Amino acid sequence: MTAIAKDKVVRINYTLRNDQNMVVDSTDGREPLAYIQGNGHLISGLESQLEGKVSGDKLKTSIAPADAYGEKEDSLLVNVSKEGFRGDQEPQVGMQVQVTTDQGERLAHIDSINGDVVVLDMNHPLAGETLHFEVEVIEVRDATAEELDHGHVHGPGGHHH
């Protein structure tokens, strides 16, 4: 049986919960997630937990923020003018907005509003969270040369052109 190692194509079913035991993401009712191990497609903490596993293996694991999306960084709280908002919707705390940065489009959410100043939180929504995964390994196989060249999985659960 092929074990999970760098450059192997892996298909998994998973459920991700936060510390409040709320389901944040899951493959339930969807295709299994397909990815190439060791290429940064999954958070490092989960990749290391899956290393060496084989098809049929199941695991429950908790990943600390350092091995997931990092801690929340205050430097990623950005003040913008309320006038800068387009559209009909009045900005509200918790609202997700798309912002253009030097690195391109990013998602942020509104952390707070003080008068005409809107504070955007550019941290990943799961920054500072311990992530609780239940994973079932469905398939492990060698990646094709084309998949490695393109950096993603082709076929079921992977990238389609």
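Do we find a residue being surrounded by 15 or more Cβ atoms within 10 Å (Cβ to Cβ) and among the charged types (D, E, K, R) anywhere in region 76-91? The answer is no; no qualifying residue exists. Exactly one condition in (1) of a type outside the set (D, E, K, R); (2) part of a strand (DSSP E or B); (3) within 30 Å of Ser62 (Cβ to Cβ) is not met by His124; state its number. All conditions are met except number (2). Applying the condition of being under 23 Å from Asp67 (Cβ atoms) and modelled with pLDDT under 90 to region 104-124 and asking which residue is surrounded by the most Cβ atoms within 10 Å (Cβ to Cβ) yields Arg106.
Contact map, region 134-151: first residue on the phi < 0 side of the Ramachandran plot, second residue in a loop (DSSP other than H, G, I, E, B) and surrounded by 14 or more Cβ atoms within 10 Å (Cβ to Cβ), Cβ cut-off under 6 Å, separation 6 or more or different chains; pairs are Val137/Lys53; Val137/Ser55; Val137/Asp57; Ile138/Pro32; Glu139/Ser55; Val140/Ile4; Val140/Ser55; Glu147/Val153. Assuming His132 fulfils every condition listed in (1) more than 17 Å from the chain's Cα centre (by Cα); (2) within 30 Å of Val10 (Cα to Cα) apart from one, which condition is it? Failed condition: (1).
Taking the criterion of being more than 15 Å from Val153 (Cβ to Cβ) and either of a type outside the set (S, T, N, Q) or part of a strand (DSSP E or B) (or both), the residues of region 31-49 that qualify are Ile43, Gly45, Leu46. Looking across region 53-85, the residues that are more than 23 Å from Asn123 (Cβ to Cβ) and in a loop (DSSP other than H, G, I, E, B) come down to Lys53, Ser55, Gly56, Asp57.
The values are calculated or read from the model by the stated rules, or taken from the named source; none is laboratory data. Note that the structure is predicted; figures quoted are calculated from it, not measured. Counting neighbours? That spans all protein chains shown, and the Cβs are built from the backbone with ideal geometry, glycine included.
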